[in-house]
Structures are given as C-alpha cells and as structure tokens.
Amino acid sequence: MSNSPVIAFLNKLTDLILLNILWIICCLPVVTAGAATCAAYYVSITSIRCGDGYVFKRFFTAFKSCFVPITPIWLGLLAAVFILAADLFFWYHFGGVFGKVMLLVSLAIAILLWVWSLWIFPVFAKFSGKRRELLKNAAAFAVGYLPYTVIVLVIMGGVIYANLVSLIVNSIMFFVGFALVMYVNSFFFYRVFMNHIDERYDDFDQPEEG
C-alpha cells in the first residue's frame, strides 16, 4: 500500500499544500518573505534528494538559518523593484527617441535583476558563506547554466501570464501553486547544485560552504 502511486501522489500533494500555506503566512509581514522563499526552496530541494515529509521542521529550520543572511538582500531587491518600476513608468511617458532608449535600458536592467534573483534564494537556501560570495555564486550559476536559467524564466513567465488571465489559476496558486512552482524549479537547481556539493551528508540536510 505504501508503494502505491496514488498514496505517493497524495503524500506529495499534502506536503505541497502545507508548504504553500507556510510560505504564504511567512510572507505576509513582507520583511520575512525572503527567508520564507529560501525556506521553501530548501524544503523542495531536500525533498528531491531525501523524499517527502518533515515539511514543518525543515521549513522553520531553514527559515531561522536564512533570515539574517537573506533579509538585507531581499529588502534591497524589493527597493530595486520599486525604483525600476518608477523608472520604467517615467521613461514610458517621457516619449521621444531618448525616452525609448532609456526605457529599453531600464527594461534590460530589470530583466537581469529578475534572472539574478531567481538564483539568489535557492543558493542562500542550500549554501552557507559570506553574502558577497553567495551573490557571486548566484550570478555565476545564472550565466554558467544558462539553459536552466532560461527554462526557469519560461516557467515563471508562464505562471505570471496564466495568473493575469485566469481566476482559476489564481485560486490554484493560493491552494498549492506557489509551492508547486518552486518544487518544479528545484529540479533544475538541484541538478546544478549537485555539481558543486560534497555529498558527505547523507541526509542532504546540512548546508554546504559556497
């Protein structure tokens, strides 16, 4: 009975629903959203290697260990998003050739920041070290494993578009969708990280030096 695909599916679905709830609740204060995202990626990446279960324990263990390192980075990213949004709005209404050029420049910067941020949270979730080194690692992974970066970008872009056009997708996201997207992305991050991790920890629940 325990080997039944149906039971395995229900166990995974239960874990994803719990992870989704934990992530949403811990994102509500906004300041804690960075640590919550790191924790969710930690649970997802670990479950690929070690199997399901222990969602609550793994999540809050990672949340506590990631909070101090990632929170200043998260707040910086959040500030950058607001600045770039204002910048894009300004240059869009500025008009003229110069306005269009600056709009493209701002858009390029926004895309690069988005690409970088996709890797920052998984890297901080799975590796330990100085912030500067981890940020450099995230940028190196984004460029060095460009095919995976493109795949994750397509996934995220598709999810964003689906949420803009479908209320059903909105409902799925709040039920299980956020965790599901991070879990799918984690397969690609896991394949990359395993090239850079010493597997001396059988349970995969120990952070590696970056």
Determine by what factor the alpha-carbon radius of gyration of the stretch 1-110 differs from 2.2 N^0.38 Å, reporting the quotient.
1.53
Less than 14 Å Cβ to Cβ from residue 34, Lys/Arg counted +1 and Asp/Glu -1: what total charge do the surrounding residues give?
+2
When ligands, DNA and RNA are left out and all protein chains stay put, how many square angstrom of accessible area per residue does the stretch 1-80 have with a 1.4 Å probe?
49 Å²
Which Cys in the chain stand alone, with every other cysteine's Cβ at 4.7 Å or more from theirs?
26, 27, 50
Of 127, 178, 89, which has the largest mean-square fluctuation in a 10 Å C-alpha GNM of the chain?
89
Highest-fluctuation residue, 97, 176, 150 considered, GNM on the chain with Cα pairs under 10 Å
97
How far, in degrees from 0 to 90, does helix 5-27 lean away from the longest principal axis of the Cα atoms of the chain, to the nearest 10?
50 degrees
If unit charges are put on Cβ atoms (+1 for Lys and Arg, -1 for Asp and Glu) and the dipole of the chain is taken about its Cα centre, the option from 61, 74, 183 lying farthest towards the positive end turns out to be 74
Using the crude model of +1 on Lys and Arg Cβ and -1 on Asp and Glu Cβ, and no other charge, please compute the dipole size for the chain relative to its Cα centre, in debye to 20.
300 debye
Lysine pairs in the stretch 52-206 8 or more apart or on different chains: how many have alpha carbons under 29 angstrom apart?
6
Centroid-to-centroid separation of the stretch 123-194 and the stretch 10-46 [C-alpha atoms, Å]:
13 Å
Calculate, axis by axis, the spread of Cα positions in the stretch 94-163 along the three principal axes, and write the results as whole Å, longest axis first.
47, 31, 20
Placing +1 on each Lys and Arg Cβ and -1 on each Asp and Glu Cβ in the stretch 1-112, then taking the dipole about the Cα centre, the residue among 42, 111, 84 whose Cα reaches farthest towards the positive end is 42
CD proxy at 222 nm, helix term only [per DSSP H run n ≥ 4: -39500 (n - 2.57); per residue of the chain; nearest 500]
-27500 deg cm²/dmol
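Starting from 0.36 nm per residue, how many nanometres of slack lie between residue 79 and residue 169 once their C-alpha separation is accounted for?
Net length gain for the segment: 29.6 nm.
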Of the chain, which part is the longest with no trypsin sites (Lys or Arg not before Pro) in a loop (DSSP not H, G, I, E, B) and with at most 16 other C-beta atoms within 10 angstrom?
1-129
Step by step: find N for the chain, compute 2.2 N^0.38 Å, then divide the Cα radius of gyration by it. What's the final number?
1.09
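The values are calculated or read from the model by the stated rules, or taken from the named source; none is laboratory data. Here the structure is a predicted model, which means the values were calculated and not measured. Virtual Cβ from ideal backbone geometry, glycine too; neighbours counted across all protein chains shown. The protein model used for the area step is the full one, side chains on, heavy atoms only, and it has no ligands, DNA or RNA in it. Shrake-Rupley method; radii C 1.70, N 1.55, O 1.52, S 1.80 Å.
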